[in-house]
Amino acid sequence: MKRQESALHVVVGLDGSPSSHAALRWAVRHASLIGADVVAVAAWDLPGAHGWSAPAVDTDFDEEAAEQSLVDEVHKVLGESGAAQVRKRLVRGNPVEVLLGESEGAEALVVGSRGLGGFRRTLLGSVSQQCALHATCPVVIVRPTVDVRDSGAQAG
């Protein structure tokens with residue numbers, strides 16, 4: 001799982017959540033300031049692959065479709081020109097383990113504050129919390145951007 005990188009790089013975790021999209025935008029801005037590459041990483045795993053819950057089989061999972069979904073997500077967030085500057089990696093494994101492994105030797109690991117799973121009331125998602133505790137590089141946790149038009153707030 002450990003990757004060897006010779007150039008400066010920033011790793012960002014993507015899971016389709018608004019906070020992961022904000023993390024991607026932050027990572028691209030930061031990387032441009034320090035002259036680094038951006039590596040967008042999405043993790044996938046089979047149900048039951050860790051621990052006991054069900055047989056580790058997902059007959060509906062299509063890795064090619066998942067890779068295309070990652071490419072589409074990056075394009076949606078950054079546009080065509082921005083997406084062309086980002087390396088995209090779909091990696092099988094537990095999201096925390098994947099992100100920790102992919103970020104070894106990185107300038108930073110950037111993650112959203114909350115992903116798609118878990119509890120709505122938590123301020124910090126379990127993946128971002130575990131990355132902050134165990135990463136070997138600096139970790140940036142980004143909250144999703146809020147559009148004031150959507151929040152009910154009015155400009156004064």
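The values are calculated or read from the model by the stated rules, or taken from the named source; none is laboratory data. Every value quoted in this text rests on a predicted model; they were computed, and no experiment measured them. Reconstructed Cβ throughout: ideal geometry from the backbone, glycine too, with neighbour counts over all protein chains shown. Note: accessible area is taken over every heavy atom of the protein model, side chains too, but ligands, DNA and RNA are not part of it. Shrake-Rupley method; radii C 1.70, N 1.55, O 1.52, S 1.80 Å.
Out of everything in the stretch 79-104 that is out of contact with any helix residue (DSSP H, G or I) (no Cβ under 6 Å at 6 or more places or on another chain) and of a type in the set (D, E, K, R), what residue ends up being least open to solvent (accessible area, probe 1.4 Å)?
Looking at the filtered set, the residue picked out is GLU102.
Output the residue which, of all residues in the stretch 114-130 that are at pLDDT below 90 and touching a helix residue (DSSP H, G or I) at 6+ places or on another chain (Cβ under 7 Å), is nearest to VAL71 (Cα to Cα).
Per the criteria, the residue is GLY115.
Just name the residue that is modelled with the lowest pLDDT out of those in the stretch 40-81 that are within 23 Å of VAL12 (Cα to Cα) and acidic (Asp, Glu).
Looking at the filtered set, the residue picked out is ASP62.
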